[in-house]
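Presented below is the structure to which this report refers.
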Amino acid sequence: WDRSKATLPDARERTLIAVKPDGVQRRLVGRIIQRFEQRGFKLVGLKMMTASEDLLSEHYRELRTKPFFHSLQSYMTSGPVVVMVWEGHNVVQTSRTMVGPTNPTVAQAGTVRGDFSIHVSRNVVHASDSLEGAQREIQLWFEAKDLLDWDCCDQMSTSEDA
Ligand code: IDP
């Protein structure tokens, strides 16, 4: 195993995942983290916090004009969220697949939303939807110093050219 290969840009792709207040209330944090660990992604940042309205407004800036925006904002600030940065090959797209579509009504069993939720306004988890979105959201929620670069002993099974 060539350790230098583990630093290829692709293997270092990162995304923002958050367990929303309903997920925390329903004690789903551990099960959601477990899915990302068992898939083979690497946790590089983790914190629990209650988000401010300003932070949420920036996070969901593309939804500000939607009729559900204010209820979304009060839902997301209603209690603590667990915010994480996960790293690995194709993590943005793969985690969207793992989380399932926005509306749990059409989410397949086996996805987080398909297994744990029934309504779009309480869909348990957030996952960035693009590389650009992930970069923006990671910078919004985390300071660079709080993201850890660490060597994972099983990197050889989760990255190409291991
Ligand atoms: P995403 O979370 O799957 O990326 P977005 O369209 O970015 O989906 O919406 C952000 C969040 O806004 C959703 O996860 C959900 O909590 C909420 N949301 C989206 N559409 C609706 C709606 O029609 N009614 C209520 N809440 C909604």
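The values are calculated or read from the model by the stated rules, or taken from the named source; none is laboratory data. Because the structure is a prediction, the values reported are computed rather than measured. Please note: Cβ atoms are built from the backbone with ideal geometry, for glycine as well, and neighbour counts cover all protein chains shown. What goes into the accessible areas is simple: the full protein's heavy atoms, side chains included, and nothing from ligands, DNA or RNA. Shrake-Rupley method; radii C 1.70, N 1.55, O 1.52, S 1.80 Å.
On a per residue basis, segment 54-139 carries 50 Å² of accessible surface, using protein heavy atoms and a 1.4 Å probe. Qualifying trypsin sites (Lys or Arg not before Pro) in segment 18-119, where qualification requires a DSSP coil assignment and no more than 13 other C-beta atoms within 10 Å, comprise Arg27, Arg64.
Between Val29, Val91, Val124, which gets the highest mean-square fluctuation from a Gaussian network model of the chain, Cα cutoff 10 Å? Highest fluctuation among the options: Val29. For the chain, what % of the accessible area comes from carbon and sulfur atoms, probe 1.4 Å? After summing per-atom areas, the C and S share lands at 51 percent. In the chain the longest region clear of chymotrypsin sites (Phe, Trp or Tyr not before Pro) that are loop-assigned by DSSP and have at most 16 other C-beta atoms within 10 Å covers 69-149. Rg of the Cα atoms in segment 90-138, relative to 2.2 N^0.38 Å, amounts to 1.12.
For the chain, set up a GNM with springs between Cα atoms under 10 Å and report which of Leu148, Leu72, Leu56 has the largest fluctuation. Judging by the Gaussian network model, the answer is Leu148. Only helices enter the 222 nm calculation for the chain: every DSSP H run of n ≥ 4 contributes -39,500 (n - 2.57), and dividing by all residues gives -9500 deg cm²/dmol, rounded to 500. Could you tell me what percent of the DSSP beta bridges with both partners in the chain are antiparallel, to the nearest 5? Rounded to the nearest five, the antiparallel share is 95 percent. Using the empirical formula 2.2 N^0.38 Å as the baseline, the Cα radius of gyration of segment 1-132 reaches a ratio of 1.07. Annotation for Glu143 and Leu63: the two label points, set 7 Å from Cα along the Cα-Cβ direction, are 2.8 nm apart.
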